[in-house]
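This report refers to the structure that appears directly beneath it.
The values are calculated or read from the model by the stated rules, or taken from the named source; none is laboratory data. This structure is a prediction, so every number in the text was calculated from the model and none was measured. Reconstructed Cβ throughout: ideal geometry from the backbone, glycine too, with neighbour counts over all protein chains shown. Remember, those area values only see protein heavy atoms, side chains included, never the ligands or the DNA or RNA. Shrake-Rupley method; radii C 1.70, N 1.55, O 1.52, S 1.80 Å.
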Amino acid sequence: MAGLVPPGIPAVPADVSHTAHTKHDEKTDYMNLPCPIPYEELHREALMSLKPETFEGLRFDFTKGLNQKFSLSHSVIMGPTEIPSQSAETIKIPTAHYEFGANFIDPNLMLIGRVMTDGRLNARVKCDLTDNLTVKANAQLTNEPHMSHGMFNFDYKGKDFRSQFQMGNGALFGANYIQSVTPHFSLGGEVFWAGQHRKSGIGYAARYETDKMVATGQVANTGIVALSYVQKVSDKVSLASDFMYNYLSKDVTASVGYDYILRQCRLRGKIDSNGCTTSYLEERLNMGLNFILSAEIDHRKKDYKFGFGLTVG
């Protein structure tokens, strides 16, 4: 067989030929790119680690399912409320609230309502008109003048892109669009107009993700520059960091955090460049019974927040 190869031309090894053929098969098909995540969720993985829903005081949440689609919820919140102050120290007053909620969740329709003893009413609606078009509405009504607001969102999900149109009270209009450029990289932009305040803005964003990491960047003419990075160490451990810079006010904040999922609990926390430390623990005591611990310490402002809660249902 060696005599069949012309002199001066080396024979190509079989493994090299197979490798070249495999690389050819793995060529990116730009006509079948994946659909990106919504523009408003660009920093989703970083926010899970760096922005846990911390609270101060006592919380008790009870949810009772009446059937597969309808449920009622009861919440008791006892803890201090911060009030504006001219001094550097934080001023708090003790408060207590009860919240009643009703939830209707269907594959194509979601209705959520909350009413509190202080007079606030919150409502959320999400309706899938088609497989690609979704309408969402959010509203909050309060007793305080000029504090009630409402917002409508129209989301369209394409094959490799997403778009959204927003409109709210105060002549607020906005739109955003995000497009997959490669299987791992997507680019997007947004515009908004606030007619009541006579302000407009435009922003751009980029996101790169693999099975092990997620990197995002966002910039807007309002002065905001936001960068975030999440490294997935394993299926249960993630490390995150972010960088926030406002080139108009010259404010800079950076933070690092973690998200650790154990068999019976989930632990999240962060520390930022201002010296503020946050930790949030969710412990599953039994099926449908969770215990929550929350802590936030800010030595610079002398602000210390500790809370514990219980979730049933």
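The phi-based Karplus calculation (6.51 cos²θ - 1.76 cosθ + 1.60; θ = phi - 60°) puts the 3J(HN,Hα) values of segment 201-213 at x, 9, x, 10, 8, 9, 9, 10, 9, 10, 6, 10, 8 Hz, whole numbers, x for Gly and Pro.
Note on surface exposure: R300, R162 rank R300, R162 by accessible area, highest first, 1.4 Å probe. The translational diffusion coefficient of segment 22-148, from Stokes-Einstein at 20 °C and 1.002 mPa s with a Kirkwood hydrodynamic radius over alpha carbon pairs, comes to 112 µm²/s. Taking the longest Cα principal axis of the chain as reference, the axis of helix 14-25 is set at about 50 degrees. For the chain, leaving out every one of the GluC sites (Glu not before Pro) that falls in a DSSP loop and has at most 12 other Cβ atoms within 10 Å, the longest unbroken run is 90-313. Ligands, DNA and RNA excluded, the heavy atoms of T117 present near 100 Å² of accessible surface to a 1.4 Å solvent probe. Computed from the alpha carbon atoms alone, the convex hull of segment 206-297 holds 115 Å³ per residue. Heavy-atom accessible area, probed at 1.4 angstrom with all protein chains present, ranks F306, F60 as F306, F60, highest first. When the helices of the chain are scored as -39500 (n - 2.57) per DSSP H run of n ≥ 4 and the total is divided over every residue, the value at 222 nm lands at -1500 deg cm²/dmol. A DSSP coil position with no more than 11 other Cβ atoms inside 10 Å describes the following trypsin sites (Lys or Arg not before Pro) in segment 200-262: K212, K250.
Note on the chain: percent of Cα-Cα distances in each 10 Å bin, starting at 0 and stopping at the bin with the largest distance, equals 5, 17, 26, 31, 11, 4, 3, 2, 1, 0.
Its residue count N fixes a reference of 2.2 N^0.38 Å for segment 78-188, and the Cα radius of gyration divided by that reference is 1.45. Counting 0.36 nm for each residue step from S148 to A96 and taking away their Cα separation leaves a gain of 16.6 nm. Computed extension gain for T28 through T117, at 0.36 nm per residue and net of the alpha carbon distance, reaches 26.4 nm. Rolling a 1.4 Å probe over the protein heavy atoms leaves M31 with an accessible area of roughly 140 Å².
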